[in-house]
1. Please work out if Leu109 is under 16 Å from Val10 (Cα atoms), in a helix (DSSP H, G or I) and at pLDDT 90 or above.
2. Show the residue pairs that are 6+ apart or on different chains and have beta-carbon atoms under 7 Å apart, the first residue being within region 34-55 and more than 15 Å from Asp12 (Cα to Cα) and assigned to a helix (DSSP H, G or I), the second being among the β-branched types (Val, Ile, Thr) and modelled with pLDDT of 95 or more.
3. Looking at His99 and the list (1) more than 18 Å from Asn35 (Cα to Cα); (2) in a helix (DSSP H, G or I); (3) not acidic (Asp, Glu), which single condition is not satisfied?
4. Looking at region 77-96 only, could you name the residues that are part of a helix (DSSP H, G or I) and loosely packed, with under 12 Cβ neighbours inside 10 Å?
5. Out of region 2-25, which residues are hydroxyl-bearing (Ser, Thr, Tyr) and assigned to a loop (DSSP other than H, G, I, E, B)?
6. If a residue has to be under 13 Å from the mean Cα position of the chain (by Cα) and either modelled with pLDDT of 95 or more or farther than 21 Å from Thr112 by Cβ (or both) to count, how many in region 22-44 make the cut?
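The values are calculated or read from the model by the stated rules, or taken from the named source; none is laboratory data. Worth saying up front: this structure is predicted, and the values here are computed from it rather than measured. For neighbour counting, all protein chains shown are included, and Cβ atoms are generated from backbone atoms with ideal geometry for every residue, glycine included.
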Amino acid sequence: MENRTTVFYVDDNLKSSRLLTSVLEECGFRVIAKNDPIEALALCQRTHFDLALLDYEMPLMSGSRLAQEIKFLVPDVPVVLISGRSTLPAAELAFVDAHFGFETVLDDLLWTMRILVRPKVVTMEDHRPDQRAMTPWANST
């Protein structure tokens, strides 16, 4: 079982996507990258990821609209929106857990992504056998 955080990254700019994907993977993240928000929405219905990282300005569907759709499908997954703007209207951030805009420091983005993803905690319950799976013989001993 892989323990890395899986980031679902959607950015229509191929160069930016390749660069940030490379940086994220170098920092220990597993990245599922898409360049089309419509294709990304279809994929997010059939794949597991721990965090969505979305570009704000994309054709066909904005990052804030995609964030809304993702939150509808997987409400507990944090969404980070990146843009070339310093600020965005509050309505654009309604379904976003964090926004990083112009002059963002990469370390701040990475730190926030790590903070937003809940740690995978293994409990003793995870190691106990399922009582329903035990045979009658096991119950009689």
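1. On the way: under 16 Å from Val10 (Cα atoms): yes; in a helix (DSSP H, G or I): yes; at pLDDT 90 or above: yes.
So Leu109 fits the description; yes.
2. Close Cβ pairs (under 7 Å, with a partner that is among the β-branched types (Val, Ile, Thr) and modelled with pLDDT of 95 or more) amount to Cys44/Ile70.
3. His99 satisfies every listed condition except (2).
4. Filtering region 77-96 down to residues part of a helix (DSSP H, G or I) leaves 90-93.
Within region 77-96, Ala90, Ala91 qualify.
5. The first filter runs over region 2-25 and keeps only residues hydroxyl-bearing (Ser, Thr, Tyr), leaving 5-6, 9, 16-17, 21-22.
Matches in region 2-25: Thr5 only.
6. Step one: of region 22-44, the residues under 13 Å from the mean Cα position of the chain (by Cα) are 24, 29-34, 40-41, 43-44.
Restricting the remaining residues to those that are either modelled with pLDDT of 95 or more or farther than 21 Å from Thr112 by Cβ (or both) gives 24, 29-34, 40-41, 43.
Here the count works out to 10.
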